[in-house]
There are 2 protein chains.
Amino acid sequence: MFRLSSPTVPRETVIRCALVGVGSVGQSLLRIIKQRAQVLREKHNIRYLFVLVSDSSGTLVSHHGLDVERILALKTGTGFDSENFDDFDTTSKHPLSTYKVSLSRDKKANVSDRDLSQIWFYPAGTSQTTAEIFLNDQILPAETFRNNFILFEATPVNHDGEPGLSTVKNAMERGAHIVLANKGPIAVGFRELQQKAKAKRVNLLYGATVCGGLPVLNIGRYDLSMAQFTEIRGVFNSTSNFILCEMGAGRTYEAALKEAQRRGIAETDPTLDVNGSDTASKLYILFSTVISSHLSLSDVEKEGITEITKEKIEEAKAAGKVYKLVASAVKRDNQGGEEKREEEGDKWELCVKVELLPKDDFLALCDGWQMGVEFHSDLFGSMYHKVDEREPTPTAAAMLRDALTICGNNNFSRRD
Amino acid sequence: MFRLSSPTVPRETVIRCALVGVGSVGQSLLRIIKQRAQVLREKHNIRYLFVLVSDSSGTLVSHHGLDVERILALKTGTGFDSENFDDFDTTSKHPLSTYKVSLSRDKKANVSDRDLSQIWFYPAGTSQTTAEIFLNDQILPAETFRNNFILFEATPVNHDGEPGLSTVKNAMERGAHIVLANKGPIAVGFRELQQKAKAKRVNLLYGATVCGGLPVLNIGRYDLSMAQFTEIRGVFNSTSNFILCEMGAGRTYEAALKEAQRRGIAETDPTLDVNGSDTASKLYILFSTVISSHLSLSDVEKEGITEITKEKIEEAKAAGKVYKLVASAVKRDNQGGEEKREEEGDKWELCVKVELLPKDDFLALCDGWQMGVEFHSDLFGSMYHKVDEREPTPTAAAMLRDALTICGNNNFSRRD
């Protein structure tokens, strides 16, 4: 029963991977994996081999593994030795499509014709979707998934969880383990995905979807696993938190939003952030993971920050208080209702609302860039966790953490 | 390589255990294990069977397992059905020695002579020490350790780590896994114990030794495992923190200490708390676990809080600042010293000192009962964790967390 006598990973295991979504988080993941290749090999005996990389322009596949550095260079338009690429269009809108061309022109890359002939690009729109490609065993034969395969999903959130949800389901169908940074699929399809993961005996991890790098799900699920929770509270959305903080400093809502957009925190369409939807999704994922999976996303009551005026904030300030968009899950008192056997989920109230907090409250002190969570339980009393996260690296690092967990290398009994 | 296909614990595994030290944390552990017996059985398929329990009065052994509830009742002098125990001296200073007597007088317990014949008590002083008993295969035959055995060590800290250190080493020698709440053995014998654990292929866990229930070691070691740390800071000692807070509220050092003792926070001899030793031990354990095991406890520079006067505190307060006893590990700048290949430990400065912090600093806001830690790293930015811990339950729950980890039931890949 003790893991010491049976190491789960033999020396240098190659883990085949797919990365779907090569935005800031996806790029950051590639960068970390590149940077930490030596540690991964020496400490964890692991090499991640990307055989599929997909962005909105299409899907790139190579069974020999794609060159991570080249993908990063193509996506960012930097990092090439210009002497080989002076006629190469790094401003292309479909950088992945030029991967093969760039490889064939790079004298240093030393690739054989055979390698080049086995690189395929499937343009979006004119070809199969990434989700379809995962089911296509001409493109991805069973062999690809045979030993170890991890899908990293980091596309933007949509209200219906798509196209991530289909990609994840199809990849699971083939036996891939899943690591999500995109909260859409898990918020929309929590139970369905959990069941499928169980049926297909694959791991489904999504630590990066709640509070980025802060290991909120691991703490709640593993470190506090024996506790009976009474309340969980959190500030989960940077955009609305930043706007409220800026308004506290005297800006109007509109000016604060504009500033958040200028700094790249807020989306061009910030609706999901400022109307409480993003916070509600994170609360639902956390609650379902740590406490009970019997509720649905629609059971979370929510409101946004758009009703909060500069005047209200100034009034609050004068009274030594601050407004925060707070997610909370509160266990209801059992009012003699013991006879009716309820599901655990039925005893809880989940909501996202703007709360007026004393200015030295833990969540009140979560500043613009910070996200925080409080766990209140019988065994562990009150615990507080927060992260100051100004860029996508911690979220990408949380994806790598989950990937190591899948590889059996991040569990508590592991010995260095 | 994926744990799903090979569950590590079969249905209802009996884990033989020893509890050495039945003070407030030890009692709390027994209470939690008793309370959560059903969850442990149904969710984790585990039953903990205590075959040895030891306190300062001596060591009680029964291979059939000791009655946890009875031990708690004997230790606290409560909980007996008085009708059977009206002549039973619950105020005995050596409650464990009366375990057998109490059992034989309890008609309800229905114990056979054979069971009773296998309960032994070895009084302290006149008999073998607990450490010696662990090596004695007349008392604890090899069979006892054959499958699963966990030693829970929760005796008070001594500067030389004893007698815990010997008990732990001897138990490891027999193949026991170790869960510590007593930081003495691990602070004094970090490398020796790690090496022995490796050689004997047993787990050595001690999450309860730093910040009680707050999973500081798990977060640093597993959740942030890929990060390169630049700094770790913390407030780790409740007694000195409480005294500083009380002094901030106008009390003198002496009055504050007296109040801490009255409330049961401070020891009768609070030296190790107020001179920084306790904080230094915790910092050393955390650093050695998370960053490098190349330093020794004596490498931690330390000072205590005894030089802080009421006047200094009032001055600080007027300037919007507070004094805190802060543990810090800071990575030195590499001043062109790259050529000399240093051990990781050599690049760090560890110290415990009274720092003057802005009053809204994270550690400044760790109040009397709270302990907190900050992790600063390249991948995860800045992370802050704190716990509000007013009684021994969270520390005991942290021991149970480690025990579940040893049983393979608390790892990240586990499926409910």
Among A:ASN147, B:PRO123, A:VAL210, whose Cα lies farthest out toward the positive end of the dipole of the protein assembly as shown, if unit charges sit on the beta carbon of Lys, Arg (+1) and Asp, Glu (-1)? A:ASN147
Quick one: label points 7 angstrom along Cα→Cβ at B:GLU259, distances to the other copies in nm, smallest first? 4.0
Candidates per trypsin sites (Lys or Arg not before Pro) in the stretch B:92-191, loop by DSSP, up to 11 other Cβ within 10 Å: B:LYS93, B:ARG146
Within the stretch A:114-180, list the GluC sites (Glu not before Pro) lying in a DSSP loop whose Cβ has at most 11 other Cβ atoms in a 10 Å radius. none
Measure off 7 Å from each Cα along the Cα-to-Cβ vector at B:GLU162 and B:GLN138, then give the distance between these two points in nanometres to one decimal. 2.4
Vicinal HN-Hα couplings computed from phi for the stretch B:30-44 (Karplus, 6.51 cos²θ - 1.76 cosθ + 1.60; Hz; Gly/Pro x): 4, 5, 5, 4, 5, 4, 9, 3, 5, 4, 4, 6, 6, 8, 10
Could you tell me which of A:ILE232, B:GLY368, B:PRO185 has its Cα farthest along the dipole of the protein assembly as shown towards the positive end, charges placed at Cβ (Lys, Arg +1; Asp, Glu -1), taken about the Cα centre? B:PRO185
Work out the mean other chain Cβ neighbour count within 10 Å for the residues of B:204-216 and drop it here as an integer. 3
Which FRET efficiency, nearest 0.05, do B:GLU303 and B:THR271 yield, Cβ-Cβ r, R0 22 Å? 0.95
All other residues with a Cβ under 11 Å from the Cβ of B:LYS200 taken together, and with Lys, Arg as +1 and Asp, Glu as -1, what is their net charge? +4
Chain A: angle of helix A:277-290 to the longest principal axis, Cα-based, in degrees nearest 10: 90
Paired Rg and Dmax values of chain A, which use every Cα atom, in angstrom: 23.0, 78
For the stretch A:254-336, state which trypsin sites (Lys or Arg not before Pro) are in a DSSP loop and have at most 13 other beta carbons lying within 10 Å of their beta carbon. A:ARG263, A:ARG332
How high is the FRET efficiency from A:GLU311 to B:ARG114, r the C-beta distance, R0 60 Å, rounded to 0.05? 0.15
Kindly work out what percent of the DSSP beta bridges joining two residues of chain A are antiparallel, to the nearest 5. 65
Karplus couplings for the stretch B:255-265 from phi (6.51 cos²θ - 1.76 cosθ + 1.60, θ = phi - 60°), rounded to Hz, Gly and Pro as x? 5, 5, 4, 4, 5, 4, 5, 4, 7, x, 7
Output row for A:GLU344: copy-to-copy label distances, label 7 Å along Cα→C-beta, ascending, in nanometres, one decimal, is 3.5
May I ask you to evaluate 6.51 cos²θ - 1.76 cosθ + 1.60, the Karplus curve with θ = phi - 60°, for each residue of the stretch A:390-403 and list the ³J(HN,Hα) values in order in whole Hz, giving x for glycine and proline? 9, 7, x, 4, x, 5, 5, 5, 5, 5, 5, 4, 5, 5
Which residues qualify? For A:ILE178, with a placed amide H closer than 5 Å and at least 5 residues away or on another chain, they are A:LEU151, A:ASN203, A:LEU204, A:LEU205
For peptide B:394-400, how many partner chain Cβ atoms fall within 10 Å of a residue's Cβ, on average? 4
Helix B:190-200 sits at what angle to the longest principal axis of chain B, using alpha carbons and giving 0 to 90 degrees rounded to 10? 40
Distances in nm from A:ALA319 to the matching label points in the other copies, shortest first (labels 7 Å along Cα to Cβ): 3.6
Helical mean residue ellipticity (222 nm; -39500 (n - 2.57) per DSSP H run of 4+; nearest 500) of chain B: -9500 deg cm²/dmol
Measuring from its Cα centre, the protein assembly as shown shows a charge dipole (+1 at each Lys and Arg Cβ, -1 at each Asp and Glu Cβ) which, in debye to the nearest 20, is 2060
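Rule-based calculations on the coordinates, nothing more; no lab input. The model shown is predicted, which means the values in this text are computed figures rather than measured ones. Every residue, glycine among them, receives a Cβ derived from its backbone with ideal geometry; neighbour counts consider all protein chains shown.
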